[in-house]
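Below you'll find the structure, written out as structure tokens, and then a few comments.
No lab work stands behind these numbers, since they all come straight from the coordinates. No experiment lies behind these values; they were computed from the predicted model shown. So basically every Cβ, Gly included, is an ideal-geometry build from the backbone, and we count neighbours across all protein chains shown.
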Amino acid sequence: MSIISLDKEFVAGTYGRFPVELVSGKGCILTDVNGKEYIDLTSGIGVTSFGIADEAWVQAITAQAMKLQHSSNLYYTEPCAKLAQFLCQKTGMKKVFFCNSGAEANECAIKVARKYSAEKKGAEHYTIITLVNSFHGRTLTTLAATGQDHFHQYFQPLTPGFAYVQANNIAMLEEMVATVKPAAIMFECVQGEGGVLPLNKEFICAAEKLCKEQDIPLIIDEVQTGNGRTGKLYSYMHFGITPDIVSTAKGLGGGLPIGATLMSEKVQSVLGPGDHGSTYGGNPVCSAGALSIMQRLDDAFLAEVQRKSDYVFSALQGAPGIESVTGLGLMIGIQTAKPAKDVVNACIEKGVLALTAKTKVRLLPALNIPMEQLETAIETIKAVCKEETL
Ligand SMILES: *Cc1c(COP(=O)(O)O)cnc(C)c1O
């Protein structure tokens with residue numbers, strides 16, 4: 001039986017997979033079961049920050065796996081403590097809670113905000129204001145945070161206490177803050193799953209100002225935008241704001257599951273013993289891998305990410321069959337004249353892997369993708385978009 005039919009028979013049908021069986025890779029080149037090679041512009045949805053089988057990352061995780069692969073959170077381990085220190089030093093945050101995914105990082109952020117606001121202002125201050133068209137995860141609470149009705153279908157009742165405002169609508173945000181007794185405002189600076197849409201700077205700054213004035217924790221979801229993806233260490237750093245809580249995951253681990261919730265001075269003491277926990281959270285192997293990734297995201301490296309981003313934007317903007325290009329850094333959305341799914345399928349044929357987000361083709365290449373491979377892949381996308389018929 002082929003792996004594809006085996007998967008179809010025994011794996012829950014939650015994914016619309018492409019008909020490609022991947023077996024190995026190196027850097028940004030993936031190889032399928034037939035030996036066909038692909039240039040990867042997906043990085044496992046923004047996860048393999050330094051590509052496949054990156055040597056420093058493999059070295060970090062294998063060395064740790066041979067020493068101590070897991071210990072539970074009843075004891076102290078070095079990789080977890082060092083990663084937390086590194087994240088705090090780079091962001092000015094004061095405490096980190098580790099978990100295993102983006103949804104869990106957001107769950108923790110929401111718990112911190114609710115406890116902070118309940119203690120400070122009263123238990124009725126529980127509502128988390130999020131944005132229409134946002135994406136925050138698949139658990140019942142992070143689905144509630146996700147401002148897209150179609151994700152909510154079939155799973156009611158979701159966790160109560162969420163309210164949605166239109167992205168970039170400052171008046172609507174002010175009105176919501178005045179009516180719901182908020183526990184937090186939470187958003188992605190670039191809506192990823194929503195179509196790679198950066199928010200306006202004015203809106204981001206107005207939200208921060210409201211939060212500061214009214215002592216409302218500001219949560220920035222950096223699950224997709226974080227860890228160098230947008231050309232800064234975290235996307236909020238483009239806008240000159242200081243969030244109270246930052247959640248991240250995806251690219252943090254470079255390919256092993258790890259999520260983190262960063263807490264500023266204001267909320268650093270909210271969680272006490274027993275308030276939250278995770279069996280795997282801060283796992284030594286995942287943390288050692290994450291530290292190896294994070295330590296390499298210095299200013300010179302991030303400038304390279306930005307340079308590659310500039311190249312992609314200028315290569316694609318105005319090209320035949322391409323209507324618009326949006327995004328920040330190496331998080332790029334392309335509105336194509338043809339349906340995005342058709343473009344992605346044609347690219348697979350030609351040996352390039354890309355993603356979609358809503359009606360767009362979405363690119364999230366490894367941050368260190370070699371310029372030559374990036375150029376070849378972008379030329380392929382341009383050729384596919386230009387073709388009269390598919
Ligand atoms: C992917 C994503 C999540 C969910 O992360 P998981 O690791 O799949 O739970 C949450 N927020 C944003 C912005 C994301 O892109």
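Under the criterion of Cα pairs below 8 Å and six or more residues apart, the relative contact order for the chain equals 22 percent.
Remark: the Thr376-Lys36 segment gains 120.8 nm on full extension, using 0.36 nm per residue and subtracting the alpha carbon distance. How far apart, in nm, are two points set 7 Å out from the Cα along the Cα-to-Cβ line at Thr139 and at Glu213? In this crude spin-label approximation the distance works out to 3.3 nm. Using the average count of surrounding beta-carbon atoms within 10 Å as a protection proxy, the listed peptides 182-192, 299-309 rank, highest first, as 182-192, 299-309.
Can you tell me the relative contact order of region 293-367? Whole percent, Cα pairs under 8 Å, sequence separation 6 or more.
Working: 91 pairs, mean separation 17.7, N = 75.
That works out to 24 percent.
Derived from the Cα gyration tensor, the three semi-axes of the equivalent ellipsoid of the chain are 33, 26, 20 Å, largest first.
What is the sum of charges, Lys and Arg at +1 and Asp and Glu at -1, for the other residues whose Cβ falls under 9 Å from the Cβ of Asp275?
Details: positive: Lys111, Lys115; negative: none.
Cβ neighbours under 9 Å give a net charge of +2.
Across the alpha-carbon atoms of region 105-167, the computed radius of gyration and Dmax are 11.7, 35 angstrom.
Computed over Cα pairs, the Kirkwood radius of region 203-255 leads via Stokes-Einstein (1.002 mPa s, 20 °C) to a diffusion coefficient of 186 µm² per second. Pairs with C-alpha atoms separated by more than 21 Å, drawn from the list Lys8/Lys360; Lys111/Lys181; Lys8/Lys382; Lys232/Lys358; Lys26/Lys338, are Lys8/Lys360; Lys8/Lys382; Lys232/Lys358; Lys26/Lys338. Between region 293-344 and region 29-47, what's the alpha-carbon centroid distance in Å? Rounded to whole Å, the Cα centres lie 18 Å apart.
I'm checking a number: the convex hull volume of the Cα atoms of region 250-335, normalised per residue, in Å³. What is it?
Each residue corresponds to 154 Å³ of Cα convex hull volume.
Of the chymotrypsin sites (Phe, Trp or Tyr not before Pro) found in region 1-82, those that fall in a DSSP loop while having at most 10 other beta-carbon atoms within 10 Å are Tyr15, Tyr75, Tyr76. For the chain, the share of DSSP beta bridges that are antiparallel, to the nearest 5, is 65%.
Straightening the chain between Lys90 and Lys121 buys 8.1 nm, computed as 0.36 nm per residue apart minus the Cα-Cα spacing.
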